[in-house]
1. Scan the chain and note any complete DSSP helix (H) whose C-alpha atoms cover at least 20 Å along its axis and whose Kyte-Doolittle average is 0.0 or more.
2. Give the span of the range 119-228's Cα atoms along each principal axis, as three whole-Å numbers ordered largest to smallest.
3. Distance check, please: which entries in LYS126/LYS501; LYS33/LYS660; LYS153/LYS238; LYS72/LYS483; LYS167/LYS501 exceed 32 angstrom between their Cα atoms?
4. What is the sum of charges around GLU402, taking Lys and Arg as +1, Asp and Glu as -1, for the other residues whose C-beta is under 9 Å from the C-beta of GLU402?
5. To two decimal places, what compactness ratio does the chain give when its Cα radius of gyration is scaled by 2.2 N^0.38 Å?
6. I'd like the distance between the alpha-carbon centres of the range 346-410 and the range 593-632, rounded to an integer number of Å.
7. Treating only the Cα positions of the range 387-491 as identical point scatterers, give the base-10 log of I(q)/I(0) from the Debye formula at each q in 0.17, 0.20, 0.21 Å⁻¹.
8. Would you mind calculating the gained length between GLU643 and LYS668 on full extension (0.36 nm times residue separation, minus the Cα-Cα distance), in nm to one decimal?
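What follows is calculated from the coordinates using simple rules that are stated; it is not laboratory data. Computed from a prediction, not measured in an experiment: that's the story for all the values here. Glycine gets a Cβ as well: all are built from the backbone with ideal geometry, and neighbour counts include every protein chain shown.
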Amino acid sequence: MKCISVFFLLTLLIINNMTVAASDGYNLWLNYKPVAAELQNEYNQQIKSLLITGDSPTLNIVKGELSSGLEKMLGKKLPSAKSSAEQNTIIAGKLENILFAMNPEIEKGIRQIGGEGFVIFSEPGKNTVITAQSDIGVLYGTYYFLQLVQTGKNISKLNVVSSPGIKIRVLNHWDNLDGSIERGYAGNSLWDWKSLPGKTDPRYTDYARANASIGINGTVLNNVNANPAMLTPGYLEKVAALANIFRPYGLKVYLSIKFSSPVNIGGMETADPLDPAVQQWWKKKVEEVYSYIPDFGGFLVKANSEGQPGPQNYNRSHADGANMLADALKPFGGIVMWRAFVYDNNVPDDRAKQAYNEFKPLDGTFRDNVLVQVKNGAIDFQPREPFHPLFGAMPKTPLMMEFQITQEYLGQSTDLCYLAPLFKECLDSDTYAKGPGSTVAKVIDGSLENHQITGIAGVANTGSDRNWTGHLFGQANWFTFGKLAWNTNLSSEEIADDWIKLTFSNDEKVVATIRKMMMDSREISVNYMTPLGLHHIMGYNHHFGPGPWVNRGRADWTSVYYHRADSTGIGFNRTPSGSDATSQYHQPVAGVFANPETCPEKYLLWFHHLPWDYTMKSGRTLWDEICLHYYSGVEGVKNMQKEWNSLEGKIDSELFGMVKTKLTKQEKLAEWWRNSCVLYFQQYSKKPLPDGLEKPAEKLEYYQKFDFIDLK
Ligand code: BDP
């Protein structure tokens with residue numbers, strides 16, 4: 001009896017432990033939960049054994065993922081196939097090793113894919129083949145296949161041919177060497193620099209695995225505001241240890257560098273890129289980096305931006321700086337990702353225009369291993385920005401997209417904010433650079449100008465928090481970045497559906513409810529923060545809560561610089577009668593933006609300063625419309641709460657609780673934003689709130705003093 005109860009207790013503990021492990025969010029979208037009973041039968045008919053051909057660290061991962069993933073999902077261990085003639089087998093391996101399973105369809109598919117692409121082919125009652133030109137392609141195909149099973153798709157008649165639309169798909173970690181993360185909201189840095197290289201956290205492997213499972217193939221480990229110590233031997237050894245762990249997952253390591261490194265760590269007097277001794281220093285340094293990390297990816301550089309040093313300190317251009325580094329990296333196959341995020345308080349021009357002014361004249365002067373990395377919009381990762389005018393303006397230079405996955409300006413880890421609609425809005429924008437259809441997506445995937453080297457970066461939202469991203473729905477944004485980097489044509493809905501199924505459940509009601517919340521969420525945040533084209537009116541430096549009143553310090557870091565509210569109206573005039581930023585766009589975009597009648601209302605106050613009683617498309621005044629947007633933002637959060645509450649009992653209780661708590665905080669944040677902005681702008685509009693809207697409970701001064709820390 002005693003024996004039985006101990007056994008019972010142990011079993012309970014194990015089950016309990018498994019539940020905790022399965023529900024704390026750590027597994028991300030890689031939950032290999034048992035599939036529904038009816039599917040289990042179907043899948044078990046199709047899959048009876050495994051045959052992994054070839055041997056390499058990456059193929060070992062393929063083997064591990066397929067056997068453990070399918071065992072968990074199908075409820076039984078799959079044996080290895082005894083011979084290649086056996087049917088109902090999953091055959092995975094590089095093309096040259098699976099020739100025995102070849103057929104014309106697979107051959108046709110293989111011809112269409114590059115080094116990282118894959119083909120998955122199956123026929124009812126016969127084999128399923130996962131193959132590629134490279135091991136890493138087989139791994140990508142494996143994850144894709146496992147996701148099909150996880151999301152309950154039919155796998156008996158597959159003919160999938162898939163390859164990435166963009167070559168370099170990297171996360172940018174803004175991680176500092178002291179373990180903090182600039183704009184990180186999910187704990188500390190994942191990299192424990194103190195204990196590396198001797199001790200390596202198993203989480204490094206899980207990180208690489210997560211990235212590989214969504215097609216991300218590179219990671220910049222350190223902050224763009226770089227510490228020069230990163231390039232010293234002590235740190236390079238640590239970086240090499242990480243690179244060794246990441247390699248089998250196809251994840252290349254890159255580093256951010258400080259442009260003045262020759263001075264900071266090289267003992268030189270100058271970092272002038274045209275000085276031969278400086279050039280020589282970088283050549284030697286790059287050789288040293290490659291001696292530690294033979295497949296090192298290259299450098300990311302923030303230069304002459306927000307106080308960082310750069311070539312302009314020596315009266316040289318951005319191209320001079322980038323090309324010097326590119327020359328040093330070229331013999332090893334490395335690249336330079338040179339950021340276009342530049343603006344200067346001392347330059348008497350609209351901040352939104354400055355990157356274009358600096359970089360456009362340099363088109364055609366960069367080496368062929370330089371990419372210019374451009375943020376999606378011209379200011380700074382705002383809840384909504386029109387696409388950056390540099391897209392479509394530098395045809396001879398490969399431009400790399402920089403999205404921000406971490407929600408610096410979007411409620412950080414408090415807001416449920418699904419970013420696919422934001423990313424898609426930018427990617428689908430038409431630059432008209434070569435006539436209609438010249439979308440931003442085509443600029444960055446190289447197809448518009450036939451560039452061979454292409455890239456996309458996402459500023460990471462990961463950290464040491466158990467669930468990786470702070471807010472559980474932050475995981476969806478990491479997932480989305482990988483999926484879109486692979487294929488910019490995917491819709492926000494498709495990506496959401498997959499993520500929901502992989503994370504929560506395949507239940508239709510669950511999927512439909514969460515999909516709706518996700519699809520509404522970004523607009524909800526825009527509405528209670530910066531509706532109708534308002535921007536950069538967040539609290540000073542922390543960028544979390546409202547701060548439309550911020551008017552001190554560097555002008556282009558204040559809110560009043562951007563909203564320009566006064567007794568005559570609100571908004572930034574960027575038309576030819578104002579800063580003329582609209583002229584940086586091609587026609588007809590420039591004309592559309594410059595005319596308030598044709599400018600999409602979502603960008604109205606980005607481009608126009610308009611009177612408070614300006615008539616909107618709805619027939620209402622601008623003032624009323626602003627108020628209604630702020631109020632509808634708060635209503636939106638309340639709706640999300642209702643929708644989420646309807647899922648209680650239908651999804652994992654721990655995950656349910658995590659998000660419920662966040663939504664309660666988000667409601668407070670939204671109310672704080674709404675009340676602050678409406679009361680602040682009302683000082684200038686001098687108009688009452690539209691009928692039916694309840695007045696904020698407190699006076700403006702109260703909201704100005706509100707302590708945002710409680711909400712984080
Ligand atoms: C801004 C951030 C700042 C970054 C900068 C950048 O506030 O912390 O260093 O962008 O991208 O969004 O360099």
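1. In the chain, the long hydrophobic H runs are 2-23, 57-74, 135-150.
2. 56, 27, 26 Å, listed from the longest principal axis down.
3. Correct reply: LYS153/LYS238.
4. Counting the neighbours of GLU402, the net charge comes to +2.
5. Ratio of Rg to 2.2 N^0.38 Å for the chain: 0.99.
6. 26
7. Taken in order of the listed q values, log10 I(q)/I(0) reads -0.77, -0.97, -1.03.
8. Taking 0.36 nm per residue and subtracting the Cα distance, the gain is 7.3 nm.
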